[in-house]
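The values are calculated or read from the model by the stated rules, or taken from the named source; none is laboratory data. Source: prediction; values computed, not measured. Just the protein is used for accessible areas: all its heavy atoms, side chains included, with ligands, DNA and RNA removed. Shrake-Rupley method; radii C 1.70, N 1.55, O 1.52, S 1.80 Å.
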Amino acid sequence: MIESSLNGGTMHTMKFAQKQNRSIAVMKPPVMEETRSCYAGNQSLLSIKNIVPLETTSDLTDFLENRVGI
């Protein structure tokens with residue numbers, strides 16, 4: 001997930017993915033913007049144990065190669 005508020009449609013999709021035991025990766029917001037409401041969903045998900053935090057393009061590549069098999 002790149003960006004989502006707490007009540008956005010993306011959050012509904014993320015909750016469904018969790019129930020289905022899907023691998024979920026979430027971009028960490030830029031430090032200067034992490035308190036903006038458009039990243040509230042990110043912050044919420046990043047506090048969950050099985051969520052993979054993404055900070056760099058390498059993190060994304062690793063996630064795709066190791067979790068999804070691309």
### Task
Go ahead and set up a Gaussian network model of the chain, Cα springs under 10 Å, then flag whichever of 25, 17, 40 fluctuates most.
17
### Query
Counting each DSSP H run of 4 or more residues in the chain as -39500 (n - 2.57), what helix-only mean residue ellipticity at 222 nm follows after dividing by all residues, to the nearest 500 deg cm²/dmol?
-10000 deg cm²/dmol
### Query
Most fluctuating residue of 23, 44, 58 in a GNM of the chain with Cα springs under 10 Å: which is it?
58
### Query
What figure in square angstrom, to the nearest 10, would you give for the accessible area of residue 14 with a 1.4 Å probe?
30
## Note on the structure
Rh (Kirkwood, all Cα-Cα pairs) for the chain, Å, reads 12.3
### Message
Which one, 50, 21, 42, has the greatest fluctuation when you compute a Gaussian network model over the chain with C-alpha springs under 10 angstrom?
### Response
21
